[in-house]
């Protein structure tokens, strides 16, 4: 099974890269940002960045479907769901 994980915000993306220990040479480019391949829960995993906003998220999701044809897409983030307090 191929699982795609869509990460929206730059902060979430950078945190994912750091927590998984992904080296810069493993990162590839796609129209909405970076991506890398990494096993996920025993399945083929593709982690990709979409950027902020619902429009970019939807476009990146369609791009992922067209290019990688994943069996599942997971969006584990909260981008846009929490307002910054000043």
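The values are calculated or read from the model by the stated rules, or taken from the named source; none is laboratory data. What you see is a predicted model; the values in this text were computed from it and never measured. For neighbour counting, all protein chains shown are included, and Cβ atoms are generated from backbone atoms with ideal geometry for every residue, glycine included.
Regarding residue 60, is this residue part of a helix (DSSP H, G or I), at pLDDT 90 or above and in contact with a strand residue (DSSP E or B) (Cβ under 6 Å, 6 or more places away or on another chain)?
So residue 60 fails the test.
Within the range 1-12, which residues are in a strand (DSSP E or B) and crowded, with 16+ Cβ neighbours inside 10 Å?
3, 4, 5, 6, 7
Which members of the range 21-32 meet the condition of being touching a strand residue (DSSP E or B) at 6+ places or on another chain (Cβ under 7 Å) and outside any helix (DSSP H, G or I)?
22, 27, 28, 30, 32
To keep it simple, each residue is scored yes or no on (1) surrounded by 14 or more Cβ atoms within 10 Å (Cβ to Cβ); (2) part of a loop (DSSP other than H, G, I, E, B); (3) at pLDDT 95 or above; (4) at positive phi.
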| residue | (1), (2), (3), (4) |
| --- | --- |
| 14 | no, no, no, no |
| 19 | no, no, no, no |
| 34 | yes, no, yes, no |
| 47 | yes, no, yes, no |
| 51 | yes, yes, no, yes |
| 55 | no, no, no, no |
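For the range 63-86, name all the residues that are in contact with a helix residue (DSSP H, G or I) (Cβ under 9 Å, 6 or more places away or on another chain), in a loop (DSSP other than H, G, I, E, B) and either at pLDDT 85 or above or surrounded by 15 or more Cβ atoms within 10 Å (Cβ to Cβ) (or both).
70, 75, 77, 79
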